Amino acid sequence: MIDGIITPDLQDLDEVMPHAPYPIYPTGQKDADKSHVRYAAPDDQHPTLSIVDPILDKYGEPVIMPGHYKLDLSPDRTHILFIQAYDVVARVPVFKLEEDESQAQKQYDKKEQKKAKKEKKKRERIAKKYDEFGLKPKPEYIYSNAEMEYVQDGGYLLIKYEMGSIRAWGAIKQDNY
């Protein structure tokens, strides 16, 4: 019964090959050499906000349509930017901004500077290993979060933005929500 399932070519082999009988890379080009892998856009670490219902102006016209938006803080930190497909769709004024002071103080601490120097050397070593294979090392993780909620008392949408040690809050007035 087994003789009928196994082809005659396989019956002649005295052991099963641990690899395929054909080359893995038929073109000679490895996955890391392909342009869509090697020159891919870096992973974006900015928080993403998903909007289900359109945000309307005071006349009932949609201003911000439903979709996924990347949130970013303007360079002068006065606005939260809603970005979709690399276009700024909306700007929301920031009414409160917090920056974690402990993170800023760590920058000037001698022990933290030594620790950062060791981490930098370690990242350089890892980057060198990745570079041997034509890959980019993973970027350092930065906590990011974006939320939007409706505040019934004031009749506005509260937008919370967190990126690393920076927090910002913005609001959009919504009478007809």
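Got a sec? Which of Glu132, Glu147, Glu98, Glu140 is of a type in the set (Asp, Glu) and more than 27 Å from Asp72 (Cα to Cα)?
Working: Glu147 fails: more than 27 Å from Asp72 (Cα to Cα); Glu98 fails: more than 27 Å from Asp72 (Cα to Cα); Glu140 fails: more than 27 Å from Asp72 (Cα to Cα).
Result of the check over Glu132, Glu147, Glu98, Glu140: Glu132.
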Fill in: Unmet criterion (only one of (1) surrounded by 11 or more Cβ atoms within 10 Å (Cβ to Cβ); (2) among the small types (Gly, Ala, Ser); (3) modelled with pLDDT under 85) for Ala104
(1)
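Can you report the number of residues in the stretch 43-64 which are part of a loop (DSSP other than H, G, I, E, B) and touching a residue at least 12 places away in the same chain (Cβ under 8 Å)?
Just the residues of the stretch 43-64 that are part of a loop (DSSP other than H, G, I, E, B), to begin with: 43-47, 52-54, 57-61.
Filter once more, keeping what is touching a residue at least 12 places away in the same chain (Cβ under 8 Å): 43-47, 52-54, 58, 60.
The number of residues fulfilling the criteria is 10.
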Practice prompt. Please specify each residue of the stretch 58-82 satisfying the condition of being surrounded by fewer than 14 Cβ atoms within 10 Å (Cβ to Cβ) and of a type in the set (Asp, Glu).
Written response: Glu61, Asp76
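Within the stretch 83-97, does at least one residue satisfy the condition of being out of contact with any Gly (no Cβ under 7 Å at 6 or more places or on another chain), touching a residue at least 60 places away in the same chain (Cβ under 8 Å), assigned to a strand (DSSP E or B) and open to solvent by less than 70 Å² (accessible area, probe 1.4 Å)? I'd like the intermediate steps shown before the answer.
We begin by selecting, within the stretch 83-97, every residue out of contact with any Gly (no Cβ under 7 Å at 6 or more places or on another chain); these are 83, 85-91, 96-97.
Now drop any that are not touching a residue at least 60 places away in the same chain (Cβ under 8 Å), which leaves 96-97.
From what's left, assigned to a strand (DSSP E or B): 96-97.
If we keep only those that are open to solvent by less than 70 Å² (accessible area, probe 1.4 Å) too, we end up with none.
No, because not a single residue in the stretch 83-97 is out of contact with any Gly (no Cβ under 7 Å at 6 or more places or on another chain), touching a residue at least 60 places away in the same chain (Cβ under 8 Å), assigned to a strand (DSSP E or B) and open to solvent by less than 70 Å² (accessible area, probe 1.4 Å).
Quick grid of which residues meet (1) among the small types (Gly, Ala, Ser); (2) open to solvent by less than 60 Å² (accessible area, probe 1.4 Å); (3) closer than 20 Å to Phe82 by Cβ; (4) touching a residue at least 24 places away in the same chain (Cβ under 8 Å):
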position: Ala127; (1), (2), (3), (4): yes, yes, no, no
position: Glu132; (1), (2), (3), (4): no, no, no, no
position: Tyr150; (1), (2), (3), (4): no, no, yes, yes
position: Glu162; (1), (2), (3), (4): no, yes, yes, yes
position: Arg167; (1), (2), (3), (4): no, no, yes, yes
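Being part of a loop (DSSP other than H, G, I, E, B), among the basic types (Lys, Arg) and either in contact with a Gly (Cβ under 6 Å, 6 or more places away or on another chain) or closer than 30 Å to Gly67 by Cα (or both), is that true of even one residue in the stretch 138-148?
Restricting attention to the stretch 138-148, the residues satisfying the condition of being part of a loop (DSSP other than H, G, I, E, B) are 138-143.
Remaining after also requiring among the basic types (Lys, Arg): 138.
Filter once more, so that each one left must be either in contact with a Gly (Cβ under 6 Å, 6 or more places away or on another chain) or closer than 30 Å to Gly67 by Cα (or both): 138.
The answer is yes; a qualifying residue exists.
The values are calculated or read from the model by the stated rules, or taken from the named source; none is laboratory data. The shown structure was predicted, so the numbers you read here are calculated from the model rather than taken from an experiment. Reconstructed Cβ throughout: ideal geometry from the backbone, glycine too, with neighbour counts over all protein chains shown. Ligands, DNA and RNA are excluded from the accessible area calculation, which covers all protein heavy atoms including side chains. Shrake-Rupley method; radii C 1.70, N 1.55, O 1.52, S 1.80 Å.
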